[in-house]
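Take a look at the structure below.
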Amino acid sequence: MIHSFLLFFLSFSGVRSLGVNYGQVGDNLPSPDKVLELLTSLKISKVRIYDTNPQILTSFANSNTELVVTIENEMLTQLLDPQQALQWVAIHIKPYFPAVRITGIAVGNEIFTGNDTVLMANLIPAMIAIHEALGELGLGSYIHVSTPTSLAVLEESFPPSAGSFKGEVSSYISQFLQFLSRTKAPFWINAYPYFAYKDNPDIISLDYALLNPMTYLVDPSTKLNYDNMLYAQVDAVIFGMARLGFDGIEVRVSETGWPSKGDLDEIGANSENAAIYNRNLLRRQLANEGTPLRPNSRLEVYLFALFNEDMKPGPTSERNYGLYHPDGTMAYNMGLSTSSASISLSSSATKGASTNKM
C-alpha cells in the first residue's frame, strides 16, 4: 500500500515542541511497530498515549521517541496507597525505562471538569504518590507528573488577562499548582478552538479559530495582540494561575486539533478546515512561536490525533480527528507538496486498547 506523507512534515526533526496523540479506541488500527514506522517517517519524536499499553512500550524501545503515558481515571483511587503507587511504577514504568524514553505520566484526564468530586479530591494525592514512587525508584528526575485539563476549567478565558478558574474547583486547582510548582512539572491543557467556534459561529471569527494570520485582537488590559484563539486560550490559563499566586509554571497543550467530519449540527467540522488548522499549527511550530504573554518560550503542543478511531462514542466528529485513516492513507489533503514512501499499515490491529480522551 502506498502511503503518502507531506514534505512539510520532514521538518519535524527541527520542531522539538510538537508532538502527536496516539489514541487506540479502534478495532482496525495498525500494530504499534507499524505506527512507530509511520512516526519515524514523519520525523515525529514526541508522542502521548492514553494508557501504558505494553505492546506500545515494547515496540517503542530504543526508538528515541519521547513518550507521555497515562494512568486511567478509574485507577486513581487505588494509587492513593503509596505501596500501590510504588508497585504501579515498578510494573508499568521501570521495566521499560530508559530504553523507552518516558518523559511524563498523565495522571487521569480532564478530571477537574468532570462531576466526580471524589475523583477530584483523590487526584492530587495520587499524583504525589506516583511522584514519590518515581523518586524512590530513581526515576524522579527523568519523568514529570501532571494531569491534562480541559479548557472548561476556566470561568473566564477572554480577554486572556481576565483568565480565571471556576470557583468550584479553585481549591483543587490551588493544590495542583502547588504540586506543579514544587516538582517543576508543566500544566497540561486540552485546548480546542474548534469547540468555541462551533458553539458561537456568529461571534467568533473562523480565521481566528483556524490560526489564520489576521488582524490582531487587542487585550484591553495588557495591550497584547492576539492573532489566533489557541494562543489566547493558553495565556488565559497563565493569567488564571497568576490570579491564584503562581507564576512561572510552564503551560503545554496536551491536545488540540480540528475534526475533518461531523454531524449536521457540528458547524465547521470538515476536511478543509481541519487541513487549514493543522497546517497553520505546524507552520507556527516551525517558527518556534511562543504566546504573546510568553513570546520567548516556545509553546509545546500535542496534535490530536494520529488516527481516526472508529470505536469512539459521541458525535461523528469524535471519530474524525485523525491525520490518517487506520490503513495509512491521509484523512484529508493538507494542500502541500507530497512525496511517497511504501509503508504498509495493514497489519493486525492493537487489541485491548484503553479509552482515549477519558
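The values are calculated or read from the model by the stated rules, or taken from the named source; none is laboratory data. On a predicted model such as this, the values are computed, not experimentally measured, just so you know. Here the Cβ positions follow ideal geometry from the backbone for every residue, glycine too, while neighbour counts run over all protein chains shown. Areas reflect the complete protein model, heavy atoms only, side chains present, ligands, DNA and RNA absent. Shrake-Rupley method; radii C 1.70, N 1.55, O 1.52, S 1.80 Å.
Taking all protein chains into account, the per residue accessible area for the chain stands at 40 Å² (1.4 Å probe). Say we join alpha carbon atoms closer than 10 Å with springs in a Gaussian network model of the chain; which of THR215, THR147, THR256 then has the biggest fluctuation? Judging by the Gaussian network model, the answer is THR215.
Computed from label points 7 Å out along Cα-Cβ, the spacing between ALA99 and ASP33 is 1.4 nm. How much of the accessible area of the chain, probe 1.4 Å, is carbon plus sulfur, in whole percent? So the carbon and sulfur contribution to the accessible surface is 50 percent.
Computing Rg and Dmax of the Cα atoms in Å directly from the structure and comparing it against [x] 19.6, 55; [y] 19.6, 83; [z] 18.5, 59 singles out [x].
Per-residue ellipticity at 222 nm for the chain, helices alone: DSSP H runs ≥ 4 residues times -39500 (n - 2.57), over residue total, nearest 500 deg cm²/dmol? Please list the in-between numbers first.
On the way: 9 runs with 103 residues, N = 358.
So the helix-based figure for the chain works out to -9000 deg cm²/dmol.
Sorting 71-83, 125-137 by their mean Cβ neighbour count within 10 Å, with the most densely packed peptide first, gives 125-137, 71-83. Of all lysines in the structure, the ones whose alpha carbon falls short of 21 Å from that of LYS198, not counting any fewer than 8 places away in one chain, are LYS261, LYS312, LYS357. The HN-Hα couplings worked out from phi for the stretch 150-159 by the Karplus form 6.51 cos²θ - 1.76 cosθ + 1.60 (θ = phi - 60°) are 6, 4, 5, 6, 8, 6, 10, 10, 9, x Hz, whole numbers, x standing for Gly and Pro. Here is the list for the stretch 170-274: trypsin sites (Lys or Arg not before Pro) lying in DSSP coil, each with at most 15 other C-beta atoms within 10 angstrom of its C-beta, are LYS184, LYS223. Remark: the LEU80-ASP263 segment gains 61.8 nm on full extension, using 0.36 nm per residue and subtracting the alpha carbon distance. Cross-link partners for LYS94 among the aspartates and glutamates, with Cα-Cα distance under 17 Å and sequence neighbours closer than 8 places in the same chain left out: ASP51, GLU66, GLU132, GLU136.
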